[in-house]
Amino acid sequence: MAQAILQFGTGRFLQAYVDLFVSQALEAGQAIGGITVLQTTGNPQSSARLLALARAEPYPVLLRGLRHGYRIDETVHVDSVREALHADRDWADVLEAVATQVQVIVSNTADAGYALSDADTADLFRQPAQTPRSFPAKLLVLLHHRWRQQPDAPLTLYPCELVSRNGDTLRDLVVALGREWGATPEFTNYLGGHCVWVNSMVDRIVSSALDPVGAVAEPYALWAIEQQTGMVLPCTHPAIVLTDSLATFERRKLWLLNLAHTFLAECWIAQGSLPGQTVLQAMDAPSMRTPLEAVWLEEVLPVFDAEGEADAARTYLDEVRERLLNPFLEHRLSDIAQNHAQKKQRRMAPVVACVEERSLTIKQVRLRAALAGKYDDQPP
């Protein structure tokens, strides 16, 4: 039986995030329905997970960490996944579900999830039973089929990929692909004007997968969703926050959590790149914790003060600090240090640029040294 929510992706993040939220909301009668998960790859591990999900039995999510000063170590059983399909095998069922029952589409594809495939052509409009290769093409064909069946039915899409303005980005990509395939103006207007593509920011560390299905995650979770007219929420949940200012949530996460990870990686490199060192070990080491606290206090928080976000930034920082001290999480600095130069530009450079643009009198010695590749782990 088709479910109200179609989910692209079977990975551990969505299992411990959207699927968990919907499961808890279903218990309270505050969700629109269950979830159909859709596997789109041939990965053997994903296939084993799909078989487990297809049994529609509750699976465990282990919530481990600190929350408001308390140590959390509990297991939540998630039962929102009611159906599991594979795109290559069950495409006809997916088409039928989207045309009739689906109200919300959620996705969390891989890093290359928005990449197009040369194998996908406009012939798929005339042959919808053939499974497209790329994620955007799959969406385009599904939405075209739905438009032909029930063009007035509401549909909301929640891409959860770590892409700025993810809803706008995915919408523009799908609309452009439709135009390339010669879509009619009526269908193009349906894509851009009737379907609701939601920008949102996801925030939860899901540290590992359980076999064959389930995950280990931190207790903290936030899904910041930008308000839009006509939007259908998959559920109501304490972790879901509706906002008219998504950028403020993105900025706090980028400048406090993500920046902290990258600054610890900078310290790790400057101190000789000790193999296997974790974030928790770094937070327990004064040679790393002390300069990080100084960066937060002297070089980042004053920028939030100037932006009028002093209280919210400090509240979020308290949560970030607690998350970095998670005794259960083995988050290796060597993993964080991958693509380090690019991460510094994305996570540190905007904070420095904001100071320059507003002509603020904040020195930001450590951040500037890190960006210049000259951080030497010595006090400024």
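Enter the accessible area of K374 (Å², nearest 10), with the probe set to 1.4 Å and all protein chains included.
150
Which one of L63, L51, L38 is farthest out on the positive end of the charge dipole of the range 35-98, using unit charges on Cβ (Lys, Arg +1; Asp, Glu -1) and the Cα centre as origin?
Comparing the listed Cα positions along the dipole, L63 ranks first.
For the chain, build the charge dipole from Cβ charges (+1 Lys, Arg; -1 Asp, Glu) around the Cα centre, then report which of L170, A247, A265 sits farthest towards its positive end.
It is A265, whose Cα lies furthest towards the positive end.
Rounded, prolate or oblate: which one fits the range 24-68, using the alpha carbon gyration tensor with axes a ≥ b ≥ c (rounded when a/c is under 1.5, else prolate when a/b beats b/c, else oblate)?
oblate
Heavy-atom accessible area of T361 with all protein chains present, probe 1.4 Å, nearest 10 Å²?
Solvent-accessible area, nearest 10 Å²: 140 Å².
Roughly how far apart, in whole Å, are the Cα centres of the range 31-53 and the range 219-262?
When both Cα centres are located, 25 Å separates them.
Please work out the C-alpha center-to-center distance from the range 136-212 to the range 75-104 and express it in whole Å.
Between the Cα centre of the range 136-212 and that of the range 75-104, the gap is 16 Å.
Classify the range 265-380: rounded, prolate or oblate, from the alpha-carbon gyration tensor (a ≥ b ≥ c, eigenvalue square roots; a/c under 1.5 rounded; otherwise prolate if a/b is larger than b/c)? Before the final figure, lay out the partial values.
Details: a/c = 1.93, a/b = 1.34, b/c = 1.44.
Oblate.
With every protein chain left in place and a probe of 1.4 Å, what is the accessible surface of W197, to the nearest 10 Å²?
Approximately 10 Å² for this residue.
Rounding to the nearest 20 debye, state how big the charge dipole of the chain is about its Cα centre with +1 on each Lys and Arg Cβ and -1 on each Asp and Glu Cβ.
Values: 34 positive and 45 negative charges, 86 e Å.
Roughly 420 debye, rounded to the nearest 20.
Among bridges DSSP assigns within the chain, what percent are antiparallel (round to 5)?
If I count the DSSP bridges inside the chain, around 40 percent turn out antiparallel.
Based on the Cβ-Cβ distance from A310 to A247, what FRET efficiency comes out when R0 is 22 Å, to the nearest 0.05? Please report the intermediate quantities before stating the final value.
On the way: r = 17 Å, r/R0 = 0.77.
With R0 = 22 Å, the Cβ-Cβ based efficiency is 0.85.
The values are calculated or read from the model by the stated rules, or taken from the named source; none is laboratory data. On a predicted model such as this, the values are computed, not experimentally measured, just so you know. Heads up, the Cβs are rebuilt from the backbone with ideal geometry, glycines too, and the neighbour counts pull from every protein chain shown. Just the protein is used for accessible areas: all its heavy atoms, side chains included, with ligands, DNA and RNA removed. Shrake-Rupley method; radii C 1.70, N 1.55, O 1.52, S 1.80 Å.
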